[in-house]
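To start, the structure itself, in structure tokens.
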Amino acid sequence: MSITIAARGHLSAARPALGALWPALVRAGRALMPLLVMLVLLVGLWQLAAGRPGSALPAPTKVWADSSDLIIHPFFDHGGLDKGLGLHLFASLQRVAVGFALAAAGGIGLGLLVGTSQIAMRGLDPIFQVLRTVPPLAWLPISLAAFREAQPSAIFVIFITAVWPVIINTAVGVRAVPTDYRNVARVIRLRGAKYFLRILLPAAAPFIFTGLRIGIGLSWLAIIAAEMLIGGVGIGFFIWDAWNSSNISDIVVALLYVGLVGFILDRLVAFAGHLVTRGT
Amino acid sequence: MAFLSVSDVSIAFSARAPDVLSHVSLDIARGEYVSIIGHSGCGKSTLLNIVAGLLRATTGGVLLEDHEVDSPGPDRAVVFQNHSLLPWLTCRENVRLAVDQAFDGANGHPRRSRAERAAWVQHNLDLVRMGHAADKRPAEISGGMKQRIGIARALAMQPKVLLLDEPFGALDALTRAHLQDQVMELHARLRTTVMMITHDVDEAVLLSDRIVMMTNGPRAGIGEILDVGLARPRNRLALAQDPAFIAARARVLEFLYSRHRAPEPQAA
Ligand SMILES: Nc1ncnc2c1ncn2[C@@H]1O[C@H](COP(=O)(O)OP(=O)(O)O)[C@@H](O)[C@H]1O
Ligand SMILES: [Mg+2]
């Protein structure tokens, strides 16, 4: 590249910019190198293992040959369920957004209640402890029976999956407000809503975000499974549909997307937590 | 009538445990600087917390200007041992929160406007020479600076009594000396009544008008009270050779290490 630039006579202008960028590029390269090597190794192994004729699973080359369309055109829409992966993911993300928002609001509210009130704690905590062990999919039939429709049932499953860690972590955070902060609040007579907003909530915020982060991960786990059962547009059903039509390559591509999106969701919540708690 | 009067205070943390403090009485005059010294675990913080209103005495009580202390309040500002700044607020916001509360018109002081409160916060930050780092968060400044912000927060409430719980205990010797000088200077300037807990004999003698020496717990009480009687302003270098300083120091050391030695550490 530098040669092209030199030939065009922008040498003096390009030098400082490139000079400043170069160390950063080298650092980024060093940091990413192990990952790239690992990826090449893994894909190579996969190719070796699945590349033999008669293999049950497709090798990377076959996945690319069968399903490169899915990667290259994520947003095509041929009507019905014949849509690009991007659109399926978008439908799933919408469900997660609604279910998770409800879980966050309800979970923080209930967590604050259980964390601050001894009576609420005695009454509710045992119930939470039992209900939170119910696997997400076990809620699906009962929510289908209650809502009689796929969409609200899926959202309910997200909600009921994500709400427990939010409740429990919020309650722990509220109870763990250090005595020092409580004493400061008492000396300056900070009470009621002011105490809640200025001391309790900020002190509990790191715990709340831990709960939210666990919750978003569980939401993503649950939505894929729930969509397999309820059908319609969504990445979960896409995978199930691909299985039924023996498009194993499509499944492989979809799994990669599911993993990447789950990773991004986790990082988004972590980032939001970092912004809000400002490293406290 | 004493300005601050602790009368016959006893406290037990449970009905079955022995009293931690037993029949403690102490009168402090307005503007006086009193140190409480005693071995770790004898009940110094407990006594300070009772004066602050954070703990209730089992029997006996505390009077401040003839009013009974029954709850904490900004007229008895506390500087806690481990600074206790709120980490999600900047230094300025930490002081500001206390000022907003103390001057909201319902906590003893007349109400002040937003601008007046902002100026008062700045004034107190400058007082402890922390104006330059006011917008940093506690995690970004040193231990000594945190303690200075804690002192600014307490002073900014214009308390009747300043309660210091081992304010310099966690600091290195140089920082500690520096802060001691600052506190002496502030006390000379503001004439605030101070009750300070310490386990440092030199610190107690250097800063105090009187030193209250506590016996070991349980059922700890006041063993002896020493009038320091050194002229102010005091200079740590000049005092190092001063016979009165040396005598006072010896007296406290003798109390702590000869007559009331630390109890053997018990297996936890
Ligand atoms: N909240 C509490 N509950 C039970 N015991 C306590 C409590 N606070 C202090 N104590 C006990 O009271 C004694 C005095 O403690 P403290 O006042 O903190 O001592 P000091 O400040 O002199 O080191 C100690 O034995 C301590 O274990
Ligand atoms: Mg103590």
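The values are calculated or read from the model by the stated rules, or taken from the named source; none is laboratory data. Since the structure is predicted, the reported quantities are computational estimates derived from the model, not experimental observations. Cβ atoms come from the backbone with ideal geometry, glycine included; neighbour counts cover every protein chain shown. Side chains included, ligands, DNA and RNA excluded: accessible areas come from the protein's heavy atoms. Shrake-Rupley method; radii C 1.70, N 1.55, O 1.52, S 1.80 Å.
Take the Kirkwood radius over Cα pairs of the stretch A:72-277, plug it into Stokes-Einstein at 25 °C and 0.890 mPa s, and you get 133 µm²/s for translational diffusion. Among B:GLU140, B:GLU185, the order of accessible area from largest down is B:GLU140, B:GLU185, computed with a 1.4 Å probe on protein heavy atoms. Positive-end ranking of A:LEU32, A:ALA97, B:ALA17 along the dipole of the protein assembly as shown, with charges on Cβ about the Cα centre, is headed by A:LEU32. Counting only lysines at least 8 places from B:LYS44 when in the same chain, those with an alpha carbon closer than 26 Å to its own are B:LYS146, B:LYS160.
With the convex hull constructed from alpha-carbon coordinates only, the protein assembly as shown shows a mean projected area of 40.3 nm² over all directions.
Short-range pairs are left out: with C-alpha atoms under 8 Å and at least six residues apart, the relative contact order of chain B is 25 percent.
Between 0 and 90 degrees, the angle of helix B:91-102 with respect to the longest Cα principal axis of chain B falls at about 80 degrees. Overall dimensions of chain B, expressed as equivalent-ellipsoid semi-axes from the Cα gyration tensor (√(5λ), whole Å, largest first), are 30, 23, 18.
Taking the inverse of the mean 1/r over every pair of distinct Cα atoms in the stretch A:47-123 gives a Kirkwood hydrodynamic radius of 16.8 Å. A 1.4 Å probe, protein heavy atoms only, puts the accessible area of A:TRP243 near 140 Å². Interface residues of the stretch A:150-194, defined as those losing at least 10 Å² of solvent-accessible heavy-atom surface relative to the isolated chain (probe radius 1.4 Å), are listed as A:ASP180, A:TYR181, A:ASN183, A:VAL184, A:ARG186, A:VAL187, A:ILE188, A:ARG189, A:LEU190, A:LYS194. For the chain pair A and B, the interface hides roughly 2000 square angstrom of accessible area in total, found with a 1.4 Å probe. On a per residue basis, the stretch A:72-277 carries 48 Å² of accessible surface, using protein heavy atoms and a 1.4 Å probe. In the context of the full set of protein chains, chain B has a per residue accessible area of 44 Å² (1.4 Å probe).
Across the options B:ALA231, B:LEU127, B:MET184, the greatest Cα extent toward the positive end of the charge dipole of the stretch B:124-268 (unit charges at beta carbon of Lys, Arg, Asp, Glu) belongs to B:LEU127. Charge dipole (Cα centre; +1 on Lys/Arg Cβ, -1 on Asp/Glu Cβ; no other charges) of chain A amounts to roughly 1540 debye.
Counting only protein chain heavy atoms and rolling a 1.4 Å probe, the accessible areas of A:SER143, B:SER71 rank, largest first, as B:SER71, A:SER143.
Shown here: the stretch A:179-267, whose C-alpha atoms stretch 69, 22, 15 Å along the first, second and third principal axes, sorted largest to smallest. Couplings for the stretch B:215-230, taken from phi via the Karplus curve 6.51 cos²θ - 1.76 cosθ + 1.60 with θ = phi - 60°, read 7, 6, x, x, 6, 5, x, 8, x, 6, 10, 10, 7, 6, x, 8 Hz in order; Gly and Pro are left as x. If only the Cβ of Lys and Arg carry +1 and only the Cβ of Asp and Glu carry -1, the dipole of the protein assembly as shown around its Cα centre is close to 680 debye. If you roll a 1.4 angstrom probe over the protein chains with everything in place, what fraction of the accessible area of the protein assembly as shown belongs to carbon and sulfur, to the nearest %? Carbon-and-sulfur percentage of accessible area, whole number: 63.
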